[in-house]
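Everything on this sheet refers to the single structure shown next.
Only the coordinates and a few stated rules stand behind these numbers; no lab work does. Note that the structure is a prediction, hence the values are computed from the model and not measured. Counting neighbours? That spans all protein chains shown, and the Cβs are built from the backbone with ideal geometry, glycine included.
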Amino acid sequence: MERVHFEAIGWSAGGAALALAGQTLAGASRAVVPSVVGWAALVAYLLVSFALLLRGLVRSGATRFGAANAVTAVRSSLVGLITGLVAGSFAGPLSPGFLVAVVVPALALDAVDGWVARRTRSVSALGARFDMEVDAFLLLVLSIHVSGLFGPWVLAIGLLRYAFVAAGWMLPWLDRTLPARYWRKVVTAVAGIALALASSGAAPSPAALLVALALALLLESFGRDVLWLFRRRHDAAVVRQAVVAQRSH
């Protein structure tokens, strides 16, 4: 486990250096006016994401970090940089070109980590969760940025995942592992591409339509998952009662 932690620390430190260098380059190239808010958002993201990653490694009992998780760690650092850029944009102008230049590789690497995991036979629940949370936060940050261009309705794209998790705290039958479905990855990719295109400032009308389409696809995808869970809600209750009874002994 110690070796795994050192690997995670190494890749996270490398990713943090990449994100910090990117933020510095953004300020030096005047892609965004340097601000305390931007730097604070970047550092906060890096610290929190690193802490959650280590917590996940400990809980999962992982014996190695793996190349796929290393790719996701690099992608996570890019999301941290995007977070800093978007937060900094509230204090000064943001270059759409610079933002898109960071968003594109962050989206592209989403296809790489999964491929690496399958190729190296290192697919794991932790890796899938790590990948999913990075995806979710990227959509949240981009939707915040694009909502300033198209309106608050865009925020729904970034908030759907977190609303689903929050609902699971109140409705136990929602807090259950869903079967793998490739369509979720497709919808997430479409949403990321739509928000990236909207962030570029090019073709605002087609971009707005694509963002609306992405929101519709996300609603359909989440709706299908909720329906699947609802139909099995009684099974979920039985499972939860068994777990509670086991813990009481």
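For the Cα atoms of the chain, what angle does the longest principal axis make with the long axis of helix 67-88, in degrees from 0 to 90, nearest 10? The helix 67-88 is inclined about 50 degrees to the chain.
Modelled this way, with points 7 Å down the Cα-to-C-beta line, the labels at Glu220 and Ala40 are 4.2 nm from one another. What residue among Ala203, Ser60, Gly92 has its Cα farthest toward the positive end of the dipole of the chain, where the charges are +1 on Lys, Arg and -1 on Asp, Glu, each on the Cβ? Final value for the positive-end residue is Ser60.
Could you give the length gained by full extension between Leu18 and Trp153, i.e. 0.36 nm per residue of separation minus their alpha carbon distance, to one decimal place?
My answer for the length gained is 45.4 nm.
Here is the list for region 47-116: trypsin sites (Lys or Arg not before Pro) lying in DSSP coil, each with at most 16 other C-beta atoms within 10 angstrom of its C-beta, are Arg64. Here the dipole of the chain is about 720 debye; that uses its Cα centre as origin and unit charges on the Cβ of Lys and Arg (positive) and Asp and Glu (negative).
Estimated from helices alone, the mean residue ellipticity of the chain at 222 nm is -28500 deg cm²/dmol (sum of -39500 (n - 2.57) over DSSP H runs with n ≥ 4, per residue). Farthest towards the positive end of the charge dipole of region 2-248, among the residues Ala41, Ala73, Leu174, is the Cα of Leu174, using unit charges on the Cβ of Lys, Arg, Asp and Glu.
Most tightly packed first, judged by the mean number of other beta-carbon atoms within 10 Å of their residues, the peptides 92-99, 139-146 read 139-146, 92-99. Give the label of the value calculated from the structure for volume of the Cα convex hull per residue in Å³, choosing from (i) 164; (ii) 137; (iii) 210. Label of the calculated value: (ii). Computed from backbone phi with θ = phi - 60° and the Karplus coefficients 6.51, -1.76 and 1.60, the 3J(HN,Hα) list for region 162-174 is 6, 5, 5, 5, 4, 5, x, 6, 8, 10, x, 5, 7 Hz; x is used for glycine and proline. Each residue, Arg55 and Trp169, gets one label point 7 Å from its Cα in the Cβ direction; the gap between the two is 1.2 nm. Once R0 is set to 45 Å, what does the formula 1/(1 + (r/R0)^6) return for the Cβ-Cβ distance between Arg121 and Ala91, expressed as a FRET efficiency to the nearest 0.05? It comes out at approximately 0.45.
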